[in-house]
Amino acid sequence: MKVLLVDDSKVARELTAWYLTEMGHPVVQAPDGKTALALYRSENPDIVLLDVEMPEMNGYAVAREMRKNAEERWVPIIFLSGRVGDDDVALGIEAGGDDYIAKPVGPVVLKAKLNAMRRITEMQSRLLEMSRQLQQVNRELVTLSSSDGLTGIANRRTFDRSLELEWQRGLRSAKPLALVISDVDFFKRYNDTYGHHEGDACLRAVAGALAGAVSRPADVVARFGGEEFVVLLPETDIDGAVVVAEQLAEAVRALRLRHEKSDAAPHVTMSFGVASCVPAHALTSDRLVETADQALYEAKSAGRDRVRARPLAVETSA
């Protein structure tokens with residue numbers, strides 16, 4: 001282990017450093033607290049041997065500063081002192097120390113203390129690694145639970161959660177919220193013609209095109225179910241949402257995926273329904289979804305491969 005040895009007595013420091021070197025530990029020496037703190041930050045030691053009684057800045061103050069700047073990695077601190085009474089030990093532990101060695105330092109006790117601290121630091125390293133692995137697994141689980149397994153974009157659950165969050169935000173801000181619902185035109189015919197494997201590849205390509213056509217971080221592109229996709233557009237009115245929907249339609253056309261059984265075009269196309277409103281207590285997010293779905297139905301009834309929009313407003317009595 002790399003040892004940071006702090007002692008204002010050069011004789012005691014050199015002797016202890018010699019013991020440590022003989023044991024195979026590299027040593028970085030500091031004659032005072034200020035130098036010790038600088039070396040602690042630059043040398044990244046595995047353990048600190050810290051004299052208690054030093055001028056200007058004693059060992060307790062140095063330990064407190066080291067613990068104050070500690071981040072994830074714990075570095076054991078062993079105090080070196082001729083005063084090892086109960087009160088002295090308590091002061092050292094309170095300051096952030098982990099053990100005491102009585103001065104003058106002898107090689108037998110020093111070796112034993114270092115071996116004990118090595119075992120503790122190795123155990124801590126293993127625990128930290130396990131913690132990192134657990135955090136990574138948790139992140140992966142969150143990603144899996146929020147993503148569609150086939151296309152990799154957000155799934156229905158994530159969309160539902162995002163819709164409610166944005167709806168509540170719109171209630172507070174009185175800013176519009178738009179929704180685009182889209183459907184791959186004649187997708188059943190596509191599956192029947194090219195097979196389900198190609199059908200899955202088509203959905204993945206469409207999802208990528210839709211996700212690539214939106215640029216704002218707050219926009220949510222999700223698979224709604226089957227061959228249906230949704231795009232949630234916060235702070236977007238009906239005109240702006242129509243513009244986005246036209247961009248989405250063009251992005252899918254640009255894929256040029258062959259679809260010889262489509263009545264809309266010789267390649268894969270989509271129909272889009274758009275709705276937008278300013279969230280209000282007299283409305284619901286379900287109404288927004290229903291209105292966008294009605295607009296999608298109109299787009300499909302009009303021949304597909306097109307965008308249709310329906311405004312949604314609070315109904316007022318005459």
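The values are calculated or read from the model by the stated rules, or taken from the named source; none is laboratory data. The structure presented is a predicted model; accordingly, all values stated were derived computationally and were not measured. So basically every Cβ, Gly included, is an ideal-geometry build from the backbone, and we count neighbours across all protein chains shown. SASA here: full protein model, heavy atoms, side chains in, ligands and nucleic acids out. Shrake-Rupley method; radii C 1.70, N 1.55, O 1.52, S 1.80 Å.
Some points to look at:
- Matching residues in segment 122-151 - criterion: being acidic (Asp, Glu) and modelled with pLDDT of 80 or more: GLU122, GLU129, ASP148
- Test: ALA241 is closer than 23 Å to ALA213 by Cα, open to solvent by 10 Å² or more (accessible area, probe 1.4 Å) and of a type in the set (Gly, Ala, Ser): no
- Qualifying position, being of a type in the set (S, T, N, Q) and open to solvent by 30 Å² or more (accessible area, probe 1.4 Å), among SER215, SER262, SER276, SER271: SER215
- Residue that is farthest from THR236 (Cα to Cα), among those in segment 145-194 that are in a loop (DSSP other than H, G, I, E, B) and open to solvent by 50 Å² or more (accessible area, probe 1.4 Å): GLY149
- Listed by first and then second residue, the pairs linking a residue in segment 202-224 that is assigned to a strand (DSSP E or B) to a residue that is surrounded by 20 or more Cβ atoms within 10 Å (Cβ to Cβ) and of a type in the set (D, E, K, R), with Cβ atoms under 6 Å apart and 6 or more places separating them unless they lie on different chains, are ARG223/ASP148.
- Checking each residue in segment 121-144 for being more than 20 Å from LEU232 (Cβ to Cβ) and among the β-branched types (Val, Ile, Thr) picks out THR121, VAL137.
- Per-region count, segment 94-115, residues in a helix (DSSP H, G or I), surrounded by 13 or more Cβ atoms within 10 Å (Cβ to Cβ) and among the hydrophobic types (A, V, I, L, M, F, W, C): 3
- Taking every residue in segment 170-184 that is within 14 Å of GLY240 (Cβ to Cβ) and at pLDDT 95 or above and pairing it with any residue that is β-branched (Val, Ile, Thr) and not in a loop (DSSP other than H, G, I, E, B), at least 6 positions away or on another chain, the pairs with Cβ-Cβ distances below 7 Å are ALA178/ILE238; ALA178/VAL274; LEU179/VAL230; LEU179/VAL289; VAL180/VAL230; VAL180/VAL231; VAL180/VAL244; VAL180/VAL274.
- Selection over segment 141-173 of residues that are under 16 Å from GLU228 (Cα atoms) and not acidic (Asp, Glu) gives a count of 12.
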